[in-house]
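**Q** Before we start, here is the structure in question, set down as structure tokens.
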There are 2 protein chains.
Amino acid sequence: MQHFDANSLLSLNDRYRTNLINSLHGARPAMLIGTKNKQGNTNLALFSQVLHLGANPALCGILFRPDSVDRHTLQNIRETGFFTLNSTTEGMEDRAHQTSARYAETVSEFDACGFEAEYREGFFAPFVAESPVKIGLKAQPEIRIEANGTILLLGAVEHLFVHPDILAETGHINHHHAKSLAVAGLDTYVGLKPIARFSYAKPDQALQKLEL
Amino acid sequence: MQHFDANSLLSLNDRYRTNLINSLHGARPAMLIGTKNKQGNTNLALFSQVLHLGANPALCGILFRPDSVDRHTLQNIRETGFFTLNSTTEGMEDRAHQTSARYAETVSEFDACGFEAEYREGFFAPFVAESPVKIGLKAQPEIRIEANGTILLLGAVEHLFVHPDILAETGHINHHHAKSLAVAGLDTYVGLKPIARFSYAKPDQALQKLEL
């Protein structure tokens, strides 16, 4: 196998190291964050570093890198306290990727990249009309990670909209049925191919396959 | 669309809410964390909440839930300071899921679930022999998230092993070629279906499709 240690990683050229380290963990959900500033300008940006922090109450976490191009997103969230997380699906990959371009603050990525902004239930931040999973969140106190200045932004779920076709009776959202996208590294979009769903694992008991 | 607000989420039955909130964000990388305690007992556990925190130096983050069954993993990392992150691939899904059973502390999930432990470069914690991406990490100070007691554990990459067949000339790890697994919610394993790879996005410039 190809071996890198901490020193050989540091001596790689920047581009190679960025590609390598960004693709270490495989495919992460590709989600669009929708925001609006106090002047009413909307912003839309692709994020893949989203955590599930807890179900009761429902809390999400988003990691912002200090060198991130998504400064308008964080700025708008700090200014207004609200944002949306919207799923992406096959067919949206090129428009979703285009939101990562460094547009001027007055340009809305909704318009520039071909997404329709949608407002629901009086929530301040715009949702993505075509996304089958849309989450409206209220920002909670930020956590600054001293090691390298990254910021973990927490959000409490205030509204959740799910297309009924992809919501199972058990409460699961069926992402392969929804054709949800994930992104590996910085530029590679993948769809989801169902493999297996298993029962709760117990020692000394065989797993059962559940309906996918 | 089906609509839930913060109050209706709280009034759902626990199982339904857990399924719903855990599956909100789509598919996340399914990775195995290998550890060993001071007595030499090894442990292996499946995690899907792994963040990329930075490339220079290479830092990863793992979210531990307070109600997690993976207490041995965190305990071993706190005791010894070292752990490994290993990719999972198609064909490993049942054994990987089985590591989430609550085995006694003296039982190694490597043995109980059918994985071979491998030691490389004198690193303390065991790697998963068959994983095409293996990362050896040194624990950094933990971050406790006050909102609900979850813990973000940081790890600095000390060793990285990548199978040469899946490492592109540009430094990308090709996860769909590796047949890497992702997990949606708590129990659904998915493979990756290549869709598109795009050039760096710029305003007013069309994206180019790159070779996948």
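**Q** Excluding B:E121 itself, calculate the net charge of residues whose Cβ lies under 14 Å from the Cβ of B:E121, where each Lys or Arg counts +1 and each Asp or Glu counts -1.
**A** It works out to a net charge of 0.
**Q** Hey, another quick one. Could you work out, residue by residue across A:151-157, how many beta carbons of other chains sit within 10 Å of that residue's beta carbon, and then give the average as an integer?
**A** Mean shielding by partner chains, rounded to a whole number: 3.
**Q** Measuring from the axis that superposes chain B on chain A, report the chain B residue with the minimal C-beta distance, rounded to whole Å.
**A** Nearest to the symmetry axis by Cβ: B:K193, 2.
**Q** In square angstrom and rounded to 100, what buried accessible area do you get between chains A and B, total over both, with the probe at 1.4 Å?
**A** 8800
**Q** Please say if the stretch B:107-151 is rounded, prolate or oblate, where rounded means a/c under 1.5 for a ≥ b ≥ c the square roots of the C-alpha gyration tensor eigenvalues, and otherwise the choice is prolate for a/b larger than b/c and oblate otherwise?
**A** It is prolate, given that a/c is not under 1.5 and a/b is the larger ratio.
**Q** Please give, to one decimal in nm, the separation of the simple spin-label points placed at B:R102 and B:N56, each 7 Å out from Cα toward the Cβ.
**A** Label at B:R102, label at B:N56, 4.7 nm between them.
**Q** Apply the a/c threshold of 1.5 to the C-alpha gyration tensor of the stretch B:104-194 and tell me whether it is rounded, prolate or oblate.
**A** Since a/c stays below 1.5, the shape of the stretch B:104-194 is classed as rounded.
**Q** Using a probe radius of 1.4 Å on heavy atoms only, what accessible surface per residue do you get for chain A? Whole Å² is fine.
**A** Accessible area per residue: 39 Å².
**Q** In nm, what does the list of distances from A:Q208 to its counterparts in the other copies look like, shortest first, when each label sits 7 Å along Cα to Cβ?
**A** 5.4
**Q** In deg cm²/dmol and to the nearest 500, what is the mean residue ellipticity at 222 nm of chain B if only DSSP H runs of at least 4 residues count, each as -39500 (n - 2.57), divided by the residue total?
**A** Helix-only estimate at 222 nm: -4000 deg cm²/dmol.
**Q** Moving on. Enumerate the lysines that B:K138 could reach by cross-link, defined here as Cα to Cα under 24 Å, with residues fewer than 8 away along the same chain left out.
**A** B:K36, B:K38
**Q** Based on alpha-carbon centroids, what's the gap between the stretch A:32-101 and the stretch B:76-122 in Å, whole number please?
**A** After rounding, the separation between the Cα centres reads 34 Å.
**Q** One decimal, nm, shortest first: give the distances between the label point of A:D14 and those of the same position in the other copies, each label point 7 Å from Cα along Cα→Cβ.
**A** 5.1
**Q** How would you classify the stretch B:30-166 from its alpha-carbon gyration tensor, with a ≥ b ≥ c the square roots of the eigenvalues: rounded for a/c under 1.5, else prolate if a/b is greater than b/c, otherwise oblate?
**A** rounded
**Q** Let me ask something else. List the distances, in nm and shortest first, from the label point of B:Y119 to the matching label points in every other copy, placing each point 7 Å from Cα along the Cα-to-Cβ direction.
**A** Going from nearest to farthest copy, the values are 6.4 nm.
**Q** Once phi is turned into θ = phi - 60°, what whole-Hz ³J(HN,Hα) does the Karplus curve with 6.51, -1.76 and 1.60 give for every residue of the stretch B:122-131, x standing for Gly and Pro?
**A** These are the phi-based 3J(HN,Hα) values: x, 6, 5, 8, x, 8, 8, 3, 7, 6 Hz.
**Q** Only counting protein heavy atoms at a 1.4 Å probe, give the residues of the stretch B:182-197, ordered by number, whose accessible area falls by 30 Å² or more when the other protein chains are present relative to the chain alone.
**A** Flagged in the stretch B:182-197: B:D187, B:T188, B:Y189, B:V190, B:G191, B:L192, B:K193, B:I195, B:A196, B:R197.
**Q** Right, next: Measuring from label point to label point, each 7 Å out along Cα→Cβ, what is the B:R78 to A:T170 span in nm?
**A** According to this spin-label approximation, the distance is 3.2 nm.
**Q** Right, something else. Can you send over the carbon and sulfur percentage of the accessible area for the stretch B:70-212, probe radius 1.4 Å, protein chains only?
**A** Result for the stretch B:70-212: 47 percent of the exposed heavy-atom area is carbon or sulfur.
**Q** Can I ask one more? Highest first, please rank the peptides B:102-113, B:34-45, A:91-102 by the mean number of other Cβ atoms sitting within 10 Å of their residues.
**A** A:91-102, B:34-45, B:102-113
**Q** For labels at B:D111 and B:E211 in the simple 7 Å Cα→Cβ model, what's the distance in nm?
**A** Between B:D111 and B:E211, the label points sit 4.7 nm apart.
**Q** Report the net charge of residues surrounding B:V183, where surrounding means a beta-carbon distance below 9 angstrom and charges are Lys +1, Arg +1, Asp -1, Glu -1.
**A** -1
The values are calculated or read from the model by the stated rules, or taken from the named source; none is laboratory data. Not measured: the values here are computed from a predicted model. Methodologically, a virtual Cβ is constructed for each residue, glycine included, from the backbone with ideal geometry; neighbour enumeration extends over all protein chains shown. Each accessible area value is taken on the protein alone, full model and side chains, heavy atoms only, with ligands, DNA and RNA left out. Shrake-Rupley method; radii C 1.70, N 1.55, O 1.52, S 1.80 Å.
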